[in-house]
């Protein structure tokens with residue numbers, strides 16, 4: 001008979017398998033023949049199957065370990081679950097729901113944006129005319145045109161994916177405690193990606209870039225003293241034709257922001273152990289194909305080149321990046337930016353202004369307990385340190401009278417109270433806060449006793465679930481609050497809620513069966529959707545005997561099943577039956593071991609539907625990010641006076657002008673529109689006007705003198721969007 005090769009348990013370096021840990025575990029997805037597995041008996045001073053009942057004080061409860069979801073987070077999650085349910089149903093598997101993989105997909109999209117950006121950079125030119133012509137050339141070549149479209153579509157998808165990831169992080173409340181760094185860096189990262197996208201549009205120097213530039217000038221006018229200097233520089237390079245430094249600067253900012261985004265991605269996951277940098281291969285291949293096909297079928301159009309003397313009256317905008325253009329220059333722009341800045345600041349402060357609550361009804365504002373190692377029981381096996389998703393436990397050398405080399409040391413500041421470490425310790429040496437770990441068995445024992453008392457002859461089904469399920473579908477099945485449903489009582493179902501299914505020690509299930517449970521079911525979150533990252537993965541592997549501590553060999557095919565469903569499908573999960581197989585006699589029997597796996601086989605239909613849905617979303621993004629809108633105040637004619645000179649003498653050109661001529665006056669139809677000092681600074685003035693013919697005069701004057709230096713004197717016919725730019729002094733004598 002051929003057996004799968006096995007290897008040593010996954011342990012931290014230095015741990016002794018013989019004295020500290022369980023025996024070898026199988027690597028393969030299929031289960032080894034029972035004869036190939038040795039007994040899992042392992043000596044500990046305290047074990048889960050030998051804990052006394054009732055040793056925990058009556059004032060202690062398992063509720064002390066659990067988190068209470070905030071009301072606003074609960075409402076946000078209900079919206080997300082309502083969207084996810086039809087997606088899972090269409091795909092036929094929650095494993096391929098892209099909403100569960102937004103983090104790794106965002107990193108992959110950033111790599112796509114960076115790669116296509118490098119290609120475009122190699123053939124890009126710099127200057128107001130040269131940059132625009134370079135983009136025109138891109139669109140005349142198949143590869144360059146496709147690369148440009150992929151770059152654009154991947155950039156938009158990156159922002160959308162990042163926002164979806166932030167939304168999931170928000171309603172799971174994964175911004176508390178040590179996870180504040182990931183939350184704050186995620187917000188900054190989103191802002192950096194958005195700004196990088198804006199600079200990307202700016203580089204084309206078409207009418208869309210012109211409106212971005214106008215918005216930037218409005219911002220400088222409103223909040224800084226640099227608007228005049230900036231506009232004067234633009235006029236200077238326009239006149240000289242030497243505009244490449246401006247576009248090169250925008251490109252440098254664009255590249256720098258992309259590098260900063262990559263750095264924030266790294267910082268965003270720097271505290272995570274086993275962080276997923278990239279999605280699985282099928283996601284990479286599927287998304288790449290979708291982007292390539294979309295770029296070929298929907299190539300990007302070319303907009304007219306920017307014209308400084310005529311503002312566009314309408315333009316195709318991408319609301320993901322250019323949402324501000326329709327209100328640029330209007331009073332509502334201030335409201336828009338004020339709201340966005342306030343919302344961003346509030347989001348950044350959320351980890352400190354939002355109260356973390358426990359589910360303890362007596363002390364609803366009590367802090368959730370953190371990891372606590374019972375040092376006298378620790379054998380230094382390293383399993384808790386290895387399983388912790390956040391590095392809250394480290395192993396150090398032991399120097400007491402114990403025979404083990406290491407001891408686990410906790411860092412409560414990094415703990416997120418997921419309880420996964422409790423489930424990883426078969427020596428009952430890890431607990432949460434000051435509550436003894438025996439509280440787990442006390443809760444189970446009490447439930448079994450009450451169930452037997454209510455219906456002595458009825459089979460008992462014991463269900464373990466997590467906080468997310470307890471806040472949604474499992475709420476009606478839990479004691480207290482709404483109370484257990486009549487259906488659950490009649491069916492003999494007892495539900496025990498834990499912080500995470502990863503909190504569940506396998507030996508506790510064995511003891512539960514011995515204590516009278518006829519059937520045990522573990523209901524956790526779908527793959528890659530655990531609020532504690534790896535709780536469902538570790539629970540599945542422990543129950544499938546692929547990770548220590550694992551279910552004992554003699555209970556490998558005991559009536560213990562696991563279902564991995566979204567929190568709003570708890571009732572459906574209760575009805576799921578175990579997988580069946582044919583025994584040696586050709587009879588069908590439950591295959592409980594196979595029923596505990598987190599991953600199930602996928603078919604071509606699952607993949608096809610998943611990627612068709614992604615393609616539909618991308619096509620919707622393409623059409624919804626190319627919307628023609630009016631441009632508000634840019635439809636009104638305007639007069640602009642731009643004087644890059646720094647002194648009245650330089651402004652007057654060939655004339656010798658006394659220092660007293662330091663007042664600039666702008667008149668329209670004989671009425672003074674603007675008067676300002678021009679001494680030692682550039683001048684930029686802009687005034688809206690009505691359509692039609694107007695007489696414009698711009699001159700220098702001095703206080704107390706009737707003479708002046710005429711800089712401009714002309715009649716102009718103003719139409720919608722017309723800009724009369726007075727930028728050169730005219731040769732007029734002093735009046």
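Listed values, structure above:
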| item | result |
| --- | --- |
| Residues of region 262-271 satisfying the condition of being in a loop (DSSP other than H, G, I, E, B) and either modelled with pLDDT of 90 or more or under 13 Å from the mean Cα position of the chain (by Cα) (or both) | 269 |
| Yes/no for residue 446 being crowded, with 24+ Cβ neighbours inside 10 Å, more than 32 Å from the chain's Cα centre (by Cα) and closer than 13 Å to residue 512 by Cα | no |
| Which listed residue, of 315, 339, 289, is part of a strand (DSSP E or B) and assigned by TED's automatic domain parsing to the domain that holds residue 156 | 315 |
| Positions within region 168-180 being out of contact with any helix residue (DSSP H, G or I) (no Cβ under 7 Å at 6 or more places or on another chain) and assigned to a helix (DSSP H, G or I), in sequence order | 177, 179 |
| From the options 566, 590, 505, 578, residue that is in contact (Cβ under 8 Å) with a residue 24 or more places away in the chain, in contact with a helix residue (DSSP H, G or I) (Cβ under 8 Å, 6 or more places away or on another chain) and more than 21 Å from residue 444 (Cα to Cα) | 566 |
| Residue ID - nearest to the chain's Cα centre (by Cα), chosen from residues in region 506-540 that are in a strand (DSSP E or B) and under 23 Å from residue 47 (Cα atoms) | 522 |
| Subset tally (residues that are under 13 Å from residue 322 (Cα atoms) and either in contact with a strand residue (DSSP E or B) (Cβ under 9 Å, 6 or more places away or on another chain) or modelled with pLDDT under 90 (or both)) for region 216-229 | 0 |
| Every residue from region 297-312 that is touching a helix residue (DSSP H, G or I) at 6+ places or on another chain (Cβ under 8 Å) and either modelled with pLDDT under 90 or not assigned by TED's automatic domain parsing to the domain that holds residue 223 (or both) | 308, 311, 312 |
| Residue count, region 302-340 (criterion: farther than 20 Å from residue 158 by Cβ and free of Cβ contacts under 8 Å to residues at least 24 places away in the same chain) | 7 |
| Residue satisfying condition, being over 26 Å from residue 341 (Cβ atoms), in a helix (DSSP H, G or I) and touching a helix residue (DSSP H, G or I) at 6+ places or on another chain (Cβ under 9 Å), within set 153, 230 | 153 |
| Test for residue 69: is it over 29 Å from residue 193 (Cα atoms), part of a loop (DSSP other than H, G, I, E, B) and modelled with pLDDT of 85 or more | yes |
| Residue 297 being within 28 Å of the chain's Cα centre (by Cα) and surrounded by fewer than 14 Cβ atoms within 10 Å (Cβ to Cβ) | no |
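Here's the yes/no breakdown for (1) surrounded by fewer than 14 Cβ atoms within 10 Å (Cβ to Cβ); (2) farther than 30 Å from residue 229 by Cβ; (3) outside the structural domain of residue 318 (by TED's automatic domain parsing); (4) at pLDDT 90 or above:
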site: 584; (1), (2), (3), (4): yes, yes, yes, no
site: 587; (1), (2), (3), (4): yes, yes, yes, no
site: 609; (1), (2), (3), (4): no, yes, yes, yes
site: 616; (1), (2), (3), (4): yes, yes, yes, yes
site: 624; (1), (2), (3), (4): yes, yes, yes, yes
site: 631; (1), (2), (3), (4): no, no, yes, no
site: 643; (1), (2), (3), (4): no, no, yes, no
site: 648; (1), (2), (3), (4): no, no, yes, no
site: 661; (1), (2), (3), (4): no, no, yes, no
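Rundown of residues vs (1) under 28 Å from residue 502 (Cα atoms); (2) in contact with a strand residue (DSSP E or B) (Cβ under 7 Å, 6 or more places away or on another chain), yes/no style:
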| residue | (1), (2) |
| --- | --- |
| 588 | no, yes |
| 592 | yes, yes |
| 595 | yes, yes |
| 599 | yes, no |
| 603 | no, no |
| 608 | no, no |
| 616 | no, no |
| 619 | no, no |
| 623 | no, no |
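Let's see how each residue does on (1) closer than 30 Å to residue 286 by Cα; (2) at pLDDT 95 or above; (3) part of a loop (DSSP other than H, G, I, E, B):
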position: 29; (1), (2), (3): yes, no, yes
position: 54; (1), (2), (3): no, no, yes
position: 60; (1), (2), (3): no, no, yes
position: 76; (1), (2), (3): yes, yes, no
position: 105; (1), (2), (3): yes, yes, no
position: 112; (1), (2), (3): yes, yes, no
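The values are calculated or read from the model by the stated rules, or taken from the named source; none is laboratory data. Everything quoted here is computed from the prediction, not taken from an experiment. Please note: Cβ atoms are built from the backbone with ideal geometry, for glycine as well, and neighbour counts cover all protein chains shown.
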